[in-house]
1. How many angstrom lie between the C-alpha centres of the range A:194-247 and the range B:91-165?
2. Using the 7 Å Cα-to-Cβ label point, sort the distances from B:Arg85 to its equivalents in the other copies shortest first and give them in nm to one decimal.
3. For the range B:109-224, with every protein chain kept in place, what is the accessible area per residue (1.4 Å probe, Å²)?
4. Per-residue mean of other chain beta-carbon atoms within 10 angstrom of the beta-carbon, peptide A:182-192?
5. What ranking, highest mean first, results for peptides A:89-100, A:37-48, B:147-158 when packing means the other Cβ atoms within 10 Å averaged over each residue?
6. Specify whether the C-alpha gyration tensor of the range B:96-239 places it in the rounded, prolate or oblate class, a ≥ b ≥ c being the square roots of the eigenvalues: rounded for a/c under 1.5, otherwise prolate if a/b is larger than b/c and oblate if not.
7. Relative contact order, percent, of chain B when contacts are C-alpha pairs under 8 Å separated by at least 6 residues?
8. Over all residues in A:89-102, what is the mean tally of Cβ atoms on other chains that come within 10 Å of each residue's Cβ?
2 protein chains.
Amino acid sequence: MEMGLRNGLRDKRTVVAQLREELSLLIEKEKLVTGDRLPTELELTGRFRISRPALREALKLLEQDGIINVVHGKGRFISATAALRVERPITCFESVTDMVRRFGYQPNNKVLSISEEEPDPEIAKALALNSSARVIRLERLRMQNDKVIMYCVDYVPRSAIPGRLDDLDWTGSLLDLLEKHYQRPKMSTATASAVMLPQHIVDRNNLHDFGPAFLIEEIAFSDAGLPVAYAQDYHRGSAFSFSFVRK
Amino acid sequence: MEMGLRNGLRDKRTVVAQLREELSLLIEKEKLVTGDRLPTELELTGRFRISRPALREALKLLEQDGIINVVHGKGRFISATAALRVERPITCFESVTDMVRRFGYQPNNKVLSISEEEPDPEIAKALALNSSARVIRLERLRMQNDKVIMYCVDYVPRSAIPGRLDDLDWTGSLLDLLEKHYQRPKMSTATASAVMLPQHIVDRNNLHDFGPAFLIEEIAFSDAGLPVAYAQDYHRGSAFSFSFVRK
DNA sequence: CGAATGTCAGTTGTCTGACAACATCATCAA
DNA sequence: TTGATGATGTTGTCAGACAACTGACATTCG
């Protein structure tokens, strides 16, 4: 039986954040299934050596996620939705580079253009920029062998990346670059749709065989809740599919 | 300045649940925007006449939703994501009928075929059926005026719907039908991709102008965690887009 | 004068202990 | 047998306290 939280001093997160993780682990380890009851608050506070308010905040988060149900006077129970799991849902934020690798590709990224420009009103609004601010526009292809599997356009505030644009390597993960110079995106709001590639993109890059594209338009936010990137990612339909849970 | 929670006695929900709602309302009413600071815990506990632990549980929920972010020692601040909250993300389970209506369509559903058959191994597995069980296959078009906006194929266990198939009205919500005869689906696992409609579907229904389709393949589960339906929904790409949050 | 350090008030993070409200079950009395 | 009652275990809520962090200002030292 474990006692106390795992990474005593090393973990800078709040007790609640750690607890939340510990509780998820507990459910997994103890192989609790739908309908099973969680240990009582008394037992959990004793086991992890934390206070009831902290524990309750963590449990409340699991409850909001639909992992557990609470019945006043009885206890907390594993809900049926907890069993619904997909391996890496689209609702988990990660860099495009990582996502593509997970599909088993070892992509080669080709920069089509990199420029500094005045943002469209739509993009300025998405990035919460004032009227004078400028953006960096990055246009890339992701290739698997010689096949184009993605066409990507990214916008980041010019102020996020200091220095000359030509001095940087834009072939890697944009998130890594943002982390180094600014703030790493931690979450996003996204809209997905099925489209054909814009004709001029097809013509310019000889993408006549690209077929239907899975388009994700996404605004990425830092930990502090600031928008730090706007992306339009066109995924070759035949090369990608995305899973998620609905509840 | 309001004092205490609104619906004093009538509201049977927990204080935390009410608070969560009150806080959302507060943000709206006070027209708080990205970067603004929320009132302090001290002020909020005073205003709503509730304890700090209860308040903190509610705030933790808003935090998990990405509506606010906390800085230890400074306060709580409205996140940029709060402004573009998607009211109904794709991760919220609902019937196709309801979803389509939300897009502003008043669809007319046309049944192409309804039949009882032996399931493909893939479908039998998705519905956790034993080898002898049979399924109902329902093939439909959803029309807006005379335009086809969706092509849908649904599979449900034969045992879920008793009686003769011809005696039922299949033009409505399949979820409603399942609720009446069996168990209403409450959640699902889904996979989305961008495809073209299968050629034979295009030919048979004169859908040459359908364009790229947003395909959602979905296994729906009941409250008890039992699979009750398998669906393939092809959405006309130009007519639908789906939002969600990643974190 | 400038930079590092100390102090203080304000805010969030965490803990302790207590009581209320609800669910379950054993006990007891009619 | 059955209904009332109370004991016990559980979650819901409250009150107060202290710790840890932030920012601003004052102080000290070079």
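The values are calculated or read from the model by the stated rules, or taken from the named source; none is laboratory data. Predicted model, so just to flag it, every value in this text is computed and none were measured. Every residue, glycine among them, receives a Cβ derived from its backbone with ideal geometry; neighbour counts consider all protein chains shown. Side chains included, ligands, DNA and RNA excluded: accessible areas come from the protein's heavy atoms. Shrake-Rupley method; radii C 1.70, N 1.55, O 1.52, S 1.80 Å.
1. 28
2. Spelled out, the distances from B:Arg85's label point are 3.0 nm.
3. Per-residue accessible area for the range B:109-224 comes out at 48 Å².
4. That works out to 5 on average.
5. On the way: A:89-100: 17.7, A:37-48: 15.3, B:147-158: 20.6.
Output ranking for A:89-100, A:37-48, B:147-158: B:147-158, A:89-100, A:37-48.
6. prolate
7. Numbers: 378 pairs, mean separation 37.5, N = 247.
It comes to 15 percent, rounded to a whole number.
8. 2
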